[in-house]
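Student: Take this structure first; my questions come after.
The values are calculated or read from the model by the stated rules, or taken from the named source; none is laboratory data. Bear in mind the structure is a predicted one, so any value in this text is a computation, not a measurement. Reconstructed Cβ throughout: ideal geometry from the backbone, glycine too, with neighbour counts over all protein chains shown.
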């Protein structure tokens, strides 16, 4: 499978072979959804907490006599039905992460790459390098490429000027190849891979 290589001026300067085993896969929404849930669950802090009746500060005295007052029996002002009382079955600090086989994670990444390719939302750039860290020239280049919401993935070593120029632009993210992940690819409309990133991803995922 071949695709065009463009430069930042939106000019075609060559072609690159994409592996059919990665970019030709038929995407499965269930596998991609499992991967997104795994990613989001893993990054949850899990620090939410509430106090039970034994942890709430307050008196241990019985509010009123068991009988004779005409009111319902009560044993403690720290019970959940009272204001400032404890919470029953409230959340406690815990780890939300769950297991997902490595093969499924790898397959999900391949499938999301394939889905961008098949939707026509994959652009391959020659390089992602700039002579200056100024944002305005890069905005003009992105306009030529038609990029409004995009994830740009370069090789292992990002160009400092390109990274600095891109970080001020809304809806544009830049990641190294080793940081490529399903959630970040899906949350942006267009996926932009440099030639170097394509080679490294194919070597990693084949």
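Student: Is it the case, given these coordinates, that residue 37 is part of a loop (DSSP other than H, G, I, E, B) and either at pLDDT 95 or above or more than 21 Å from the chain's Cα centre (by Cα) (or both)?
Tutor: Criteria not met by residue 37.
Student: Just checking, which of 99, 165 is closer than 28 Å to residue 37 by Cβ and outside any strand (DSSP E or B)?
Tutor: Among 99, 165, only 99 is closer than 28 Å to residue 37 by Cβ and outside any strand (DSSP E or B).
Student: Is it true that residue 85 is under 30 Å from residue 39 (Cβ atoms) and out of contact with any strand residue (DSSP E or B) (no Cβ under 8 Å at 6 or more places or on another chain)?
Tutor: no
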